Amino acid sequence: QVKLVESGGGLVQTGGSLRLSCVASGHSFPINIIDWYRQPSGKQRERVVTFGTDGNTNYAASVKGRFTVSREYANNTVYLHMNNLQPEDTAVYYCHVFVPRAGNYWGQGTQVTVSS
């Protein structure tokens with residue numbers, strides 16, 4: 001059974017950095033299709049970074065140039081590196097994967113809070 005577990009959230013000041021981790025288990029898909037979403041309190045979940053079938057990495061305009069994704073294949077881990085964090089980045093961050101014929105899988109989320 002597919003399981004995604006996020007970690008690394010916390011409280012940081014404006015301009016600070018955090019690195020989120022997402023560890024995948026029980027999977028047969030490549031971890032390079034795992035993407036990231038976030039949900040600010042009281043708002044809808046929104047895309048942070050997703051990966052197209054053409055292999056392109058698509059960052060949301062609001063995070064482009066500040067957030068990047070890296071992967072550690074040996075440990076089935078995807079990282080979201082977040083720099084120059086702003087209060088509007090405050091949200092619960094989720095890693096996600098869509099597996100054909102199986103559906104969507106989400107992690108439990110990790111809270112990121114950016115103080116002004």
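Dividing the mean sequence gap of close Cα pairs (under 8 Å, 6+ apart) by how many residues segment 1-115 holds gives a relative contact order of 37 percent.
The gain in end-to-end length when the Arg66 to Phe51 segment is fully stretched comes to 3.7 nm, 0.36 nm per residue minus the alpha carbon separation. For segment 47-116, the relative contact order comes to 21 percent (Cα pairs under 8 Å, sequence separation of at least 6).
Beyond 17 Å, what share of the Cα-Cα pairs of segment 75-116 remains, rounded to the nearest whole percent? Don't skip to the end; give the middle numbers.
Details: 391 of 861 pairs.
Considering segment 75-116, 45 percent of its Cα-Cα pairs are separated by more than 17 Å.
For segment 16-116, which whole percent of the accessible surface, found with a 1.4 angstrom probe, sits on carbon and sulfur atoms? On segment 16-116, the fraction of accessible area on carbon and sulfur atoms equals 46 percent.
Treating each Cα of the chain as an identical point scatterer and summing with the Debye formula, the log10 of I(q)/I(0) at q = 0.13, 0.22 Å⁻¹ comes to -0.46, -1.29.
How many Å² of accessible area per residue for the chain, probe 1.4 Å?
Working: 6320 Å² over 116 residues.
Solvent-accessible surface per residue comes out at 55 Å².
If you plug the beta carbon distance of Ser41 and Val99 into 1/(1 + (r/R0)^6) with R0 = 30 Å, you get a FRET efficiency near 0.55. Summing Cβ point charges (Lys, Arg +1; Asp, Glu -1) relative to the Cα centre of the chain gives a dipole of roughly 100 debye.
For Val2 and Asn84 in one chain, what is 0.36 nm times their gap in residues minus the Cα-Cα distance, to one decimal in nm? Let's see the in-between values first.
Working: separation 82, 0.36 × 82 = 29.52 nm, distance 3.23 nm.
Additional length available on full extension: 26.3 nm.
The values are calculated or read from the model by the stated rules, or taken from the named source; none is laboratory data. No experiment lies behind these values; they were computed from the predicted model shown. All Cβ positions, even for glycine, are placed from backbone atoms using ideal geometry, and neighbour counts span all protein chains on display. Note: accessible area is taken over every heavy atom of the protein model, side chains too, but ligands, DNA and RNA are not part of it. Shrake-Rupley method; radii C 1.70, N 1.55, O 1.52, S 1.80 Å.
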